[in-house]
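The structure appears below as structure tokens.
A short reminder: the numbers here are calculations on the coordinates, not readings from a lab. Remember, it's a predicted structure, so these values are computed and weren't measured experimentally. Here the Cβ positions follow ideal geometry from the backbone for every residue, glycine too, while neighbour counts run over all protein chains shown.
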Amino acid sequence: MAANSVELSTPHAAFAEGLTDSADNSDQWKHVSVTLAELSAATLTYAIVVCEALECDLIIYPPVPLVQLVLPLDRVAIESCSTDARVVGLRRRTGDRPVDFRLRFDHLNEFWDFLRIVSRVESEYQILRANYVAQMGQVVDSVPSHEPSPALRVLCSYEAHRPNDERNAD
């Protein structure tokens, strides 16, 4: 199944591991092609694929992605952002340790397109998560519990299960 639409595809980008520059950063950046494609409009799901690019701006064959992410399933956060440098620092949460990397775009409009989509997906995910957490609270409230009430005596006759203040009132 193909992607619904490619939102951004540029060979005018660079990739570096980590979130900070080293003192000599000339070899730190790799020339890459960045593709951001919509996988599902209904669930607002996107793929980010970053592949090393050759001088001709085509990627190596067969493709060997440096980064493959499915947003929002792969938990990715924007950790840093520099409009002047057109650099986005990202952190992927995988298991116990995060994986940090940066993408630098040659063109400002591509930088902003990337940020806009990733931010929108993250925002929608946070809204969805908040709704699910609220619904989970309703589920917890519906589980029968030993709340102090006359109905409790009907549901459970064990004296030890009754709250202390209710036992002392008898």
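How large is the dipole of the range 1-118 about the Cα centre if only Lys and Arg carry +1 and Asp and Glu carry -1, each at its Cβ, rounded to the nearest 20 debye?
Values: 10 positive and 17 negative charges, 89 e Å.
Using Cβ point charges on Lys, Arg, Asp and Glu, the range 1-118 gives about 420 debye.
Each residue of the range 123-137 was assigned a 3J(HN,Hα) from its phi angle through the Karplus expression (A = 6.51, B = -1.76, C = 1.60, θ = phi - 60°), giving 4, 5, 5, 5, 5, 4, 4, 4, 5, 5, 5, 5, 5, 5, x Hz with x at Gly and Pro.
Based on C-alpha pairs under 8 angstrom that are at least 6 apart in sequence, the range 49-104 has a relative contact order of 22 percent. For Arg129, what charge total do you get from the other residues with a beta carbon under 12 Å from its beta carbon, if Lys and Arg give +1 and Asp and Glu give -1? Net charge in that neighbourhood comes out at -1.
Relative to the current alpha-carbon distance between Glu52 and Ala160, full extension at 0.36 nm per residue lengthens the span by 32.2 nm. Full extension of the chain segment joining Gln138 with Thr94 gains 12.8 nm, where the gain is 0.36 nm per residue of separation less the Cα-Cα distance.
Taking the Kirkwood radius as the inverse of the mean 1/r across Cα pairs, report the Rg/Rh of the range 1-110. Let's see the in-between values first.
Working: Rg = 14.0 Å, Rh = 14.6 Å.
When Rh is taken as the Kirkwood radius, the ratio is 0.96.
Working note: Karplus 6.51/-1.76/1.60 with θ = phi - 60° gives the range 78-87 the couplings 7, 9, 8, 7, 10, 5, 4, 8, 6, 10 Hz, where Gly and Pro are set to x.
Distance between the modelled labels on Ser5 and Ile127, one decimal in nanometres: 1.8 nm (7 Å Cα→Cβ projection).
The length gained on full extension between Lys30 and Val70, counted as 0.36 nm times the residue separation minus their Cα-Cα distance, comes to 12.2 nm.
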